[in-house]
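Enquirer: I am attaching a structure below and will ask some questions about it afterwards.
The values are calculated or read from the model by the stated rules, or taken from the named source; none is laboratory data. Bear in mind that the values here come from a model prediction, so they are computed numbers and not experimental data. FYI the Cβ positions are ideal-geometry reconstructions off the backbone, even for glycines, and counts take in every protein chain you see.
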There are 2 protein chains.
Amino acid sequence: MRGAMLYAPGDVRVEERDDPRIVEPTDAIIRLSATCVCGSDLWPYRGLEPVHGPAPMGHEYVGIVEEVGADVRRVRPGQFVVGSFFASDNTCEICRAGYQSSCVHRVGIGGLGAQAQYLRVPLADGTLVATPDLPADDLIPGLLAASDVLGTGWFAAVAAQVEPGKTVAVVGDGAVGLLGVLAAKHLGAERIVAMSRHADRQKLALAYGATDIVTERGDEGVARIKDLTGGLGAHSVIEAVGTQESMMQSIRATRPGGHVGYVGVTHDVALPGTELFFSHVHLHGGPAPVRRFLPELIDLIVDRTIDPGQVFDLALPLDQAAEGYRAMDERRAIKVLLQP
Amino acid sequence: MRGAMLYAPGDVRVEERDDPRIVEPTDAIIRLSATCVCGSDLWPYRGLEPVHGPAPMGHEYVGIVEEVGADVRRVRPGQFVVGSFFASDNTCEICRAGYQSSCVHRVGIGGLGAQAQYLRVPLADGTLVATPDLPADDLIPGLLAASDVLGTGWFAAVAAQVEPGKTVAVVGDGAVGLLGVLAAKHLGAERIVAMSRHADRQKLALAYGATDIVTERGDEGVARIKDLTGGLGAHSVIEAVGTQESMMQSIRATRPGGHVGYVGVTHDVALPGTELFFSHVHLHGGPAPVRRFLPELIDLIVDRTIDPGQVFDLALPLDQAAEGYRAMDERRAIKVLLQP
């Protein structure tokens, strides 16, 4: 099969790889209908995370079940399924508490490489959620978004305790931030401030329910949020970047007693204890337990209540993955869908 | 009047100070029935916080209202009142959300100095809570504890989302940690692990409801908590120290999806972003909004449902405040009550 490999920073190649096979009796093999490039893939692509290449890439996937192991009971060949970036048993105490991305048996999909034609999904019963029927083609981008960026933005909004009547600020205008806007709208936020300085992303943020756009960053951005909230700060802040600046911007933009939901994979972040202490914020986040939200998100997408697929503004054949990485790196695209 | 002043690290003196007077029409003057030395007073006493001495000391107080300003409506002379370490209007949006210690008009009591015979309390209507009647003498230590350490331990337990059925670990065996144990018991925790290596404190922890004692600290302490929780970590951890070690011990002892309530005033703490991100814990804390809990805590004390006054294991005349600081610094006393 064809699959993307990262050889070194900036060097993505699509090449012939072995077809995946059932290894454990709890595995499933799926034929991918679509996959994509994630903002988090750009960290190693940019050399900001070590690359131990050549390494398979990609952790977002939807597709048709081809084959299942002997112990798989809940999915069967022919079904269209959505999974997420950590395989999870969905039965351990941590999963049952809703933290499937910290499942005691979790397996990272990134190491298996979802930017490919086929994928072995461990713990298939716990990981995969089937759609009621085979979805229409135009629903596939939305379902693919549910696999990570929608689920991650949704988790951020839930972690930030977005509720009716609240003011929400969203730091980060990548796909996760934009879908955090969509989640905040769905969860009933009264006011949603998207922090973005890119016209195309502002436009999508407004389409997804943002009521205000703030272009300033850092201390100036915080001052603008304070201006919009009677000097107090937002009730809820969604952090979808992962840098020291974005974390501090998020904490400082939140009112005492408010909630920061942070999902940008943190890089070189150290939170100053005293400032955090006196900020009085609630801080929660981490790798999103997308599996918790998948059944609800699939329903909302299939019902056409939400349309998260709009974050894909470029679709390319899998063989052009390198161009997809470049387009995202250069911010020519919000998010790139790859067709296997 | 007599009042304690910190001149330099290790140098506390009780000396003649001006009697406080009404400054703002929202002030009250109270004659202190009891005051005390706080663990947080030890930071400047030990030279670990800058001392701009001579500075008045103390922020915990109960007493009788002597006089009120022209705008005070809710307390009157002769009442026995409990307040906390931040005066708050209790009407602003932040107070109404339960974060009175971040009130937009807050005034720190520490700067006024409650280790004294009289105290001016700003924003008296919002700050002070009167007891139903003049309390019996043996209730005064408990009511004094409500002024800070009980309210702080309570907030930590609430911030750590202690609930029936949960396992709670308590890091720190000072008065706040011990009263965190009491709060956890009252809130229905199934198992309460006190982390302490001092026999007298272990004994009080067990009296307050601890089910297990762990004497190890740091990584070994974390390993013991994991052993006690099927490898997962506690659902809730109360952090009542404020050092880098105690914060990391708390975060690492908490299971994914669990809650850390941290109330130890942080000193030289920097939380590593990546570890925090993947820990999946909820983090909340800061200066406790004691005012939120005072009405309930006063009822529980006056009803003799709880007895937080046991944390005072040494009582001294105010004039011997210096000995009180020494006793706490040398860990000869858990907490020292001062009689004005």
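Enquirer: Starting from residues that are assigned to a loop (DSSP other than H, G, I, E, B) and within 12 Å of the chain's Cα centre (by Cα), keep the ones in the stretch B:256-292 and report whichever is nearest to the other protein chains (Cβ to nearest Cβ). Even if it seems obvious, please write down each step before you answer.
Expert: Keep residues of the stretch B:256-292 that are assigned to a loop (DSSP other than H, G, I, E, B), which gives B:263-269, B:280-281, B:286-289.
The next check asks that each one be within 12 Å of the chain's Cα centre (by Cα); those that pass are B:263-265, B:286-289.
On the way: B:Val263: 9, B:Gly264: 9, B:Val265: 7, B:Gly286: 4, B:Pro287: 7, B:Ala288: 10, B:Pro289: 8 Å.
Residue satisfying both the conditions and the ranking: B:Gly286.
Enquirer: May I pose another question? Starting from the stretch B:231-252, take each residue that is outside the structural domain of B:Val162 (by TED's automatic domain parsing) and assigned to a strand (DSSP E or B) and list its partners that are modelled with pLDDT under 95 and surrounded by fewer than 23 Cβ atoms within 10 Å (Cβ to Cβ), counting only C-beta distances under 6 angstrom and pairs at least six apart or across chains.
Expert: none
Enquirer: So is A:Thr305 of a type in the set (Ser, Thr, Tyr) and within 14 Å of chain B (Cβ to nearest Cβ) or not? Walk me through it before giving the result.
Expert: Numbers: of a type in the set (Ser, Thr, Tyr): yes; within 14 Å of chain B (Cβ to nearest Cβ): no.
No; evaluated as a whole, the condition is false for this residue.
Enquirer: Also, quick follow-up: Is there a residue being under 21 Å from the mean Cα position of the chain (by Cα), within 14 Å of B:Gly111 (Cβ to Cβ) and touching a residue at least 24 places away in the same chain (Cβ under 8 Å) anywhere in the stretch B:5-22?
Expert: Taking every residue of the stretch B:5-22 in turn, at least one turns out to be under 21 Å from the mean Cα position of the chain (by Cα), within 14 Å of B:Gly111 (Cβ to Cβ) and touching a residue at least 24 places away in the same chain (Cβ under 8 Å).
Enquirer: Restricting to the stretch A:293-311, count the residues that are of a type outside the set (A, V, I, L, M, F, W, C), assigned to a helix (DSSP H, G or I) and more than 13 Å from the chain's Cα centre (by Cα).
Expert: So the first thing to find is which residues in the stretch A:293-311 are of a type outside the set (A, V, I, L, M, F, W, C), and the list is A:295-296, A:299, A:303-305, A:307-310.
Adding the requirement that they be assigned to a helix (DSSP H, G or I) leaves A:295-296, A:299, A:308-310.
Adding the requirement that they be more than 13 Å from the chain's Cα centre (by Cα) leaves A:295-296, A:299, A:310.
Adding up the residues that qualify gives 4.
Enquirer: May I pose another question? Taking the condition in contact (Cβ under 8 Å) with a residue 40 or more places away in the chain and part of a loop (DSSP other than H, G, I, E, B), does A:His59 pass?
Expert: On the way: in contact (Cβ under 8 Å) with a residue 40 or more places away in the chain: yes; part of a loop (DSSP other than H, G, I, E, B): yes.
Yes; evaluated as a whole, the condition is true for this residue.
Enquirer: Residues of the stretch B:70-92 being more than 19 Å from B:Gln117 (Cα to Cα) and out of contact with any Gly (no Cβ under 8 Å at 6 or more places or on another chain), which ones?
Expert: Across the stretch B:70-92, the qualifying residues are B:Ala70, B:Asp71, B:Val72, B:Arg73, B:Arg74, B:Val75, B:Cys92.
Enquirer: Still on this model: With respect to the numbered conditions (1) under 30 Å from A:Glu16 (Cβ atoms); (2) touching a Lys or Arg at 6+ places or on another chain (Cβ under 6 Å); (3) among the charged types (D, E, K, R), which one is the sole condition not fulfilled by A:Arg120?
Expert: Among (1) under 30 Å from A:Glu16 (Cβ atoms); (2) touching a Lys or Arg at 6+ places or on another chain (Cβ under 6 Å); (3) among the charged types (D, E, K, R), the lone unmet condition for A:Arg120 is (2).
Enquirer: Among the residues of the stretch A:83-105, which ones are assigned to a loop (DSSP other than H, G, I, E, B), within 12 Å of chain B (Cβ to nearest Cβ) and within 17 Å of the chain's Cα centre (by Cα)?
Expert: A:Ser88, A:Gly98, A:Tyr99
Enquirer: Here is a further query. Condition first: part of a loop (DSSP other than H, G, I, E, B) and more than 19 Å from B:Tyr118 (Cα to Cα). Can you find one or more residues in the stretch B:37-47 that meet it? Working first, answer last.
Expert: Pass one, the stretch B:37-47, residues part of a loop (DSSP other than H, G, I, E, B): B:37-38, B:46-47.
Cutting the leftovers down to more than 19 Å from B:Tyr118 (Cα to Cα) gives us B:46-47.
Yes, some residue in the stretch B:37-47 is part of a loop (DSSP other than H, G, I, E, B) and more than 19 Å from B:Tyr118 (Cα to Cα).
Enquirer: Looking at the stretch B:284-307, can you tell me whether even one residue there is of a type in the set (A, V, I, L, M), within 30 Å of A:Cys103 (Cβ to Cβ) and out of contact with any Ser or Thr (no Cβ under 9 Å at 6 or more places or on another chain)? Break it down stepwise before answering.
Expert: Applying the first criterion (of a type in the set (A, V, I, L, M)) to the stretch B:284-307 yields B:288, B:290, B:294, B:297-298, B:300-302, B:306.
Still in the list and also within 30 Å of A:Cys103 (Cβ to Cβ): none.
No.
Enquirer: I would also like to ask the following. Just to be sure, is B:Val181 of a type in the set (Val, Ile, Thr), within 23 Å of B:Phe85 (Cα to Cα) and not assigned by TED's automatic domain parsing to the domain that holds B:Phe85?
Expert: Details: of a type in the set (Val, Ile, Thr): yes; within 23 Å of B:Phe85 (Cα to Cα): yes; not assigned by TED's automatic domain parsing to the domain that holds B:Phe85: yes.
In short, yes.
Enquirer: Check off (1) more than 12 Å from chain B (Cβ to nearest Cβ); (2) over 26 Å from the mean Cα position of the chain (by Cα); (3) not basic (Lys, Arg) for A:Gly231 and give me the number that stays unchecked.
Expert: Among (1) more than 12 Å from chain B (Cβ to nearest Cβ); (2) over 26 Å from the mean Cα position of the chain (by Cα); (3) not basic (Lys, Arg), A:Gly231 violates only (1).
Enquirer: Which one of A:Glu296, A:Glu323 is more than 9 Å from every other protein chain (Cβ to nearest Cβ) and within 30 Å of A:Arg17 (Cβ to Cβ)?
Expert: Working: A:Glu296 fails: within 30 Å of A:Arg17 (Cβ to Cβ).
One residue alone meets the criteria, A:Glu323.
Enquirer: Regarding B:Gly286, is this residue buried (at least 17 other Cβ atoms within 10 Å of the Cβ), under 28 Å from B:His235 (Cβ atoms) and free of Cβ contacts under 8 Å to residues at least 60 places away in the same chain? Don't jump to the end; show me each part of the working.
Expert: Details: buried (at least 17 other Cβ atoms within 10 Å of the Cβ): yes; under 28 Å from B:His235 (Cβ atoms): yes; free of Cβ contacts under 8 Å to residues at least 60 places away in the same chain: no.
Here the answer is no, as B:Gly286 does not meet what is asked.
Enquirer: Only one residue in B:Val72, B:Val65 is in contact with a Pro (Cβ under 8 Å, 6 or more places away or on another chain) and in a loop (DSSP other than H, G, I, E, B). Which one? Spell out the reasoning first.
Expert: Details: B:Val65 fails: in a loop (DSSP other than H, G, I, E, B).
Testing whether each residue is in contact with a Pro (Cβ under 8 Å, 6 or more places away or on another chain) and in a loop (DSSP other than H, G, I, E, B) leaves just B:Val72.
Enquirer: Here's something else I'd like to know. Pairs, please: C-beta under 7 Å, at least 6 apart or cross-chain, first residue in contact (Cβ under 8 Å) with a residue 12 or more places away in the chain and among the hydrophobic types (A, V, I, L, M, F, W, C) and in the stretch A:75-90, second surrounded by fewer than 22 Cβ atoms within 10 Å (Cβ to Cβ) and part of a loop (DSSP other than H, G, I, E, B)?
Expert: So the pair list comes out as A:Phe80/A:Thr131; A:Phe80/A:Leu134; A:Phe80/A:Pro135; A:Val81/A:Val75; A:Phe85/A:Gly110.
Enquirer: To continue, here is another question. B:Arg252: surrounded by fewer than 24 Cβ atoms within 10 Å (Cβ to Cβ) and in contact with a Cys (Cβ under 9 Å, 6 or more places away or on another chain), yes or no? Working first, answer last.
Expert: Values: surrounded by fewer than 24 Cβ atoms within 10 Å (Cβ to Cβ): yes; in contact with a Cys (Cβ under 9 Å, 6 or more places away or on another chain): no.
It is false that B:Arg252 is surrounded by fewer than 24 Cβ atoms within 10 Å (Cβ to Cβ) and in contact with a Cys (Cβ under 9 Å, 6 or more places away or on another chain).
Enquirer: Right, A:Ala240: within 21 Å of A:Ala207 (Cα to Cα) and either charged (D, E, K, R) or crowded, with 22+ Cβ neighbours inside 10 Å (or both) or not? Lay out the reasoning, then the answer.
Expert: Values: within 21 Å of A:Ala207 (Cα to Cα): yes; either charged (D, E, K, R) or crowded, with 22+ Cβ neighbours inside 10 Å (or both): yes.
So A:Ala240 fits the description; yes.
Enquirer: Let me ask another. Would it be correct to say that B:Thr274 is surrounded by fewer than 23 Cβ atoms within 10 Å (Cβ to Cβ), farther than 30 Å from A:Pro289 by Cβ and among the β-branched types (Val, Ile, Thr)?
Expert: Considered against the rule, which asks whether it is surrounded by fewer than 23 Cβ atoms within 10 Å (Cβ to Cβ), farther than 30 Å from A:Pro289 by Cβ and among the β-branched types (Val, Ile, Thr), B:Thr274 comes out as no.
Enquirer: Follow-up. What number of residues within the stretch B:74-98 satisfy the criterion of being over 25 Å from B:Pro141 (Cα atoms) and out of contact with any helix residue (DSSP H, G or I) (no Cβ under 6 Å at 6 or more places or on another chain)?
Expert: 6
Enquirer: Turning to a different aspect of this structure: Quick one: which of A:Ala205, A:Ala189, A:Ala169 is buried (at least 24 other Cβ atoms within 10 Å of the Cβ) and in a loop (DSSP other than H, G, I, E, B)? Give the derivation first.
Expert: Details: A:Ala205 fails: in a loop (DSSP other than H, G, I, E, B); A:Ala169 fails: in a loop (DSSP other than H, G, I, E, B).
Going through A:Ala205, A:Ala189, A:Ala169 in turn, just one is buried (at least 24 other Cβ atoms within 10 Å of the Cβ) and in a loop (DSSP other than H, G, I, E, B): A:Ala189.
Enquirer: Given the residues B:Pro135, B:Pro77, B:Pro141, which is the only one that is closer than 17 Å to B:Pro25 by Cα and either touching a strand residue (DSSP E or B) at 6+ places or on another chain (Cβ under 8 Å) or assigned to a helix (DSSP H, G or I) (or both)? Give the derivation first.
Expert: Working: B:Pro135 fails: closer than 17 Å to B:Pro25 by Cα; B:Pro141 fails: closer than 17 Å to B:Pro25 by Cα.
Exactly one residue qualifies, and that residue is B:Pro77.
Enquirer: What do you reckon, is B:Leu178 within 19 Å of the chain's Cα centre (by Cα) and either closer than 16 Å to B:Glu296 by Cβ or of a type in the set (Asp, Glu) (or both)?
Expert: On the way: within 19 Å of the chain's Cα centre (by Cα): yes; either closer than 16 Å to B:Glu296 by Cβ or of a type in the set (Asp, Glu) (or both): no.
Answer is no for this residue.
Enquirer: Could you say which residue among B:Ala223, B:Ala194 is without any contact (Cβ under 8 Å) to a residue 40 or more places away in the chain, among the aliphatic types (A, V, I, L, M), part of a helix (DSSP H, G or I) and away from every other protein chain (no Cβ under 14 Å)? Can you show your working first?
Expert: Values: B:Ala194 fails: part of a helix (DSSP H, G or I).
Every option except B:Ala223 fails the conditions.
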